[in-house]
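*Asks:* One structure, as structure tokens, below. Some questions next.
The values are calculated or read from the model by the stated rules, or taken from the named source; none is laboratory data. Treat the numbers as computed from the prediction; the structure is a model and nothing was measured. Because the Cβ atoms are built from the backbone with ideal geometry, glycine has one as well, and the counts that use them run over all protein chains shown. In case anyone asks, the SASA skips ligands and DNA or RNA and just uses the protein heavy atoms, side chains included. Shrake-Rupley method; radii C 1.70, N 1.55, O 1.52, S 1.80 Å.
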Amino acid sequence: EDKVVQSPLSLVVHEGDTVTLNCSYEVTNFRSLLWYKQEKKAPTFLFMLTSSGIEKKSGRLSSILDKKELSSILNITATQTGDSAIYLCAVEAEYGNKLVFGAGTILRVKS
Amino acid sequence: DAGITQSPRHKVTETGTPVTLRCHQTENHRYMYWYRQDPGHGLRLIHYSYGVKDTDKGEVSDGYSVSRSKTEDFLLTLESATSSQTSVYFCAINSGQGAIGYTFGSGTRLTVV
């Protein structure tokens, strides 16, 4: 059975801190790993990773995939209160066109 | 969200009653999905469809049925609602060109009392 595990489940930091969110997976026929940000409504897409060791970056957010360790991290530098959200990791297996989600990490950034 | 709408946005219903949630898309995408989201569980797949009248079960399908009689509509029915089905339900669509093509609806908050 495909499984995605995220850690920590929740995190409280102060503005300006750097955070690292973790995602590990066990998936048959891995195809891609995705990160989403969710603020009260639908998840919004952040990154998709398919190749090991290549960092994807968007402003203060970055992510990298380690296929050998079956894991990924999402880094947020210089956090702001607007970064407060649930961060979801999802993995797509090669067959089925389905995403398997982790439980999410609830991030709260205090001013 | 552009191209995908869910209705209703909120619903309160009584235990034992049937409930139908609707997902409508204007993207002509082949794949449609129903997820539920509960604290500590992320999004869990209930049912999905890979074409008109082609559906399959996800990991939490018990107590739910779906129908897709036309490309644009995917209906989720709770045959006899229970309090454990209180949740936020998300519909998603995908063109089939890979996971980057996923688009989520705004969600339906269902409360079963």
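*Asks:* Can you give the longest run of chain B that contains no trypsin sites (Lys or Arg not before Pro) sitting in a DSSP loop with at most 16 other Cβ atoms inside 10 Å?
*Replies:* Numbers: sites that count: B:Arg9, B:Lys53.
Segment B:54-113 is the longest.
*Asks:* Moving on. Over chain A, what is the relative contact order in percent, taking alpha-carbon pairs closer than 8 angstrom and at least six residues apart? Don't jump to the answer; show the numbers that get you there.
*Replies:* On the way: 285 pairs, mean separation 41.9, N = 111.
Worked out over chain A, it gives 38 percent.
*Asks:* While we're on this one: Where the accessible area of the range B:16-96 is counted over protein heavy atoms with a 1.4 Å probe, how much of it, in %, is carbon and sulfur?
*Replies:* Details: 1540 of 3450 Å².
Exposed carbon and sulfur together represent 45 percent of the surface.
*Asks:* Would you tell me the mean number of C-beta atoms belonging to other protein chains that fall within 10 Å of each C-beta in B:33-44, as a whole number?
*Replies:* That works out to 5 on average.
*Asks:* Still on this structure, please answer the following. For the protein assembly as shown, what is the convex hull volume of its Cα atoms per residue in Å³? Let's see the in-between values first.
*Replies:* Values: hull volume 26.4 nm³, N = 224.
Taking only Cα atoms, the protein assembly as shown has a hull volume of 118 Å³ per residue.
*Asks:* How much area per residue is accessible in chain A when the probe is 1.4 Å and only protein heavy atoms are counted (Å²)? The partial results should precede the final answer.
*Replies:* Numbers: 5590 Å² over 111 residues.
Value returned for chain A: 50 Å² of accessible area per residue.
*Asks:* Once both labels are modelled 7 Å past Cα along the beta-carbon direction, what's the B:Arg109-A:Ser111 spacing in nm?
*Replies:* With each label point 7 Å from Cα toward Cβ, the separation is 2.3 nm.
*Asks:* In terms of the Cα gyration tensor, with a ≥ b ≥ c the square roots of its eigenvalues, is the range A:35-111 rounded because a/c is under 1.5, prolate because a/b exceeds b/c, or oblate?
*Replies:* Working: a/c = 2.29, a/b = 1.40, b/c = 1.64.
Cα axes put the range A:35-111 in the oblate bin.
*Asks:* Among the residues of the range B:97-113, which ones have their accessible area go down by 10 Å² or more when all the protein chains sit together, as opposed to their chain alone (1.4 Å probe)?
*Replies:* B:Gly98, B:Ala99, B:Ile100, B:Tyr102, B:Phe104, B:Ser106
*Asks:* What is the ratio of the Cα radius of gyration of chain B to 2.2 N^0.38 Å, where N is its residue count, to two decimals?
*Replies:* Details: Rg = 13.1 Å, N = 113, 2.2 N^0.38 = 13.3 Å.
For chain B, the normalised Cα radius of gyration comes out at 0.99.
*Asks:* So, one more: Per residue, what volume in Å³ does the convex hull of the Cα atoms of the range B:65-106 enclose? Write out the running numbers ahead of the final one.
*Replies:* Numbers: hull volume 4.0 nm³, N = 42.
Roughly 95 Å³ of hull volume per residue.
*Asks:* Still on this model: Of all chymotrypsin sites (Phe, Trp or Tyr not before Pro) in the range A:1-95, which ones are in loop regions per DSSP and have a Cβ with at most 11 other Cβ atoms within 10 Å?
*Replies:* Answer by residue number: A:Tyr95.
*Asks:* I'd like the trypsin sites (Lys or Arg not before Pro) in the range A:1-59 restricted to DSSP loop residues with at most 15 other Cβ atoms within 10 Å, sorted by number.
*Replies:* Of the trypsin sites (Lys or Arg not before Pro), the ones in loops of the range A:1-59 whose Cβ has at most 15 other Cβ atoms within 10 Å are A:Lys40, A:Lys41.
*Asks:* For the range A:46-111, what's the relative contact order in percent, using C-alpha pairs closer than 8 Å and at least 6 residues apart? Before the final figure, lay out each step's value.
*Replies:* Details: 93 pairs, mean separation 14.9, N = 66.
The value is 23 percent.
*Asks:* With +1 on each Lys and Arg Cβ and -1 on each Asp and Glu Cβ, and nothing else charged, work out how big the dipole of the range A:1-83 is about its Cα centre, in Debye to the nearest 20.
*Replies:* I would put it at about 280 debye.
*Asks:* A further question on this structure: Over all residues in A:34-42, what is the mean tally of Cβ atoms on other chains that come within 10 Å of each residue's Cβ?
*Replies:* On the way: counts 3, 0, 4, 0, 6, 0, 3, 7, 12.
Mean partner-chain Cβ count within 10 Å for A:34-42: 4.
*Asks:* When only DSSP loop residues count, what GluC sites (Glu not before Pro) in the range A:65-111 have their Cβ near at most 10 other Cβ atoms within 10 Å? Walk me through the numbers on the way to the answer.
*Replies:* Values: sites: A:Glu69, A:Glu92, A:Glu94; in loops: A:Glu69, A:Glu94.
Passing sites in the range A:65-111 are A:Glu69.
*Asks:* Moving to a separate point now. Suppose a student asked you for the relative contact order of the range B:1-80, using Cα pairs under 8 Å spaced at least 6 residues apart; what percent would you report?
*Replies:* Numbers: 156 pairs, mean separation 24.2, N = 80.
Once normalised by length, the contact order is 30 percent.
*Asks:* Using only protein heavy atoms and a 1.4 angstrom probe, determine the accessible area buried between B and A, summed over both sides, in Å² to the nearest 100. Working shown, then result.
*Replies:* Numbers: alone 5930 and 6410 Å², together 10730 Å².
Using a 1.4 Å probe, the pair buries roughly 1600 Å².
*Asks:* Let me ask something additional. Please report, as a whole percent, how much of the solvent-accessible surface of chain A comes from carbon and sulfur atoms (probe radius 1.4 Å).
*Replies:* 49
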